[in-house]
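First the structure, in the form of structure tokens, and then the observations on it.
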Amino acid sequence: MRSLNASFLILLTTVVVAGGATDEWSRFRGPNGSGVADVSGLPAEFGPTRNVIWKTDLPQGFSSPVVSGGRIYLTGFRDGKLLSLAIDRATGKVLWEREAPRDRREKLDSRNHPASPSAATDGERVFFFFADYGLLAYDVNGKELWRRPLGPFNNVYGMGASPIVVDDLFSRPTIRATVSDSGGSADCRSS
């Protein structure tokens with residue numbers, strides 16, 4: 001668990017340092033899904049005491065950081081609970097942490113994790129997906145907008161696919177959804 005938390009610290013440090021060139025990393029692998037950012041001036045070395053801006057203890061999770069509007073969004077897993085988190089990009093302070101329902105336990109390969117999918121954001125709303133529950137939407141301040149149970153899913157390795165938001169369309173392999181803040185629900189269709 002310690003090495004996993006250290007990995008988050010390294011990733012978060014990289015995101016925070018790289019932030020000057022691109023302020024938005026709205027989904028897994030960045031704005032265009034390539035995993036490449038057009039940045040310069042990144043540190044050649046970093047570690048526990050070198051080029052670290054802040055450190056924050058975080059729950060276990062395999063999601064990649066998503067950055068928007070001065071916040072970093074992650075999924076986590078602690079004491080059997082699925083967690084959605086928002087972290088202040090400048091200070092590392094956890095701004096909010098929300099527990100997702102866990103109606104079932106999807107079968108997972110030992111190399112996977114219940115908090116694998118990364119969040120996605122449109123800058124106003126943040127979407128979190130957990131295979132053990134489904135889809136949740138929050139505003140950037142952590143107010144739940146809606147939730148939608150989905151699944152169960154049949155994947156021998158467990159779910160690791162992350163959502164994408166384009167305009168008012170949420171997409172993840174096996175799910176397409178039109179998202180709305182009104183009505184408290186999402187119109188979800190399996191594909």
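A few comments on the model shown:
- Residue within the range 10-24 that is modelled with pLDDT of 80 or more and touching a strand residue (DSSP E or B) at 6+ places or on another chain (Cβ under 9 Å) present: yes
- The set of residues in the range 111-147 that are among the basic types (Lys, Arg) and either under 9 Å from the mean Cα position of the chain (by Cα) or under 21 Å from Val67 (Cβ atoms) (or both) comprises Arg125, Lys143.
- Scanning the range 47-67 for residues that are out of contact with any strand residue (DSSP E or B) (no Cβ under 9 Å at 6 or more places or on another chain) and over 18 Å from Thr91 (Cβ atoms) gives Gly47, Pro48, Thr49, Arg50.
- Test: Val140 is in contact (Cβ under 8 Å) with a residue 60 or more places away in the chain and out of contact with any strand residue (DSSP E or B) (no Cβ under 6 Å at 6 or more places or on another chain): yes
- Qualifying positions in the range 89-110 - within 20 Å of Pro149 (Cβ to Cβ), crowded, with 18+ Cβ neighbours inside 10 Å and modelled with pLDDT of 80 or more: Ala100
- In the range 61-88, residue farthest from Leu150 (Cα to Cα) [restricted to those that are touching a residue at least 60 places away in the same chain (Cβ under 8 Å) and polar (S, T, N, Q)]: Ser68
- Of all residues in the range 111-164, those satisfying the criterion of being among the hydroxyl-bearing types (Ser, Thr, Tyr) and crowded, with 22+ Cβ neighbours inside 10 Å are Ser116, Ser118, Thr121, Tyr138, Ser162.
The values are calculated or read from the model by the stated rules, or taken from the named source; none is laboratory data. None of the values given here were measured: they were computed from a predicted structure. Every residue, glycine among them, receives a Cβ derived from its backbone with ideal geometry; neighbour counts consider all protein chains shown.
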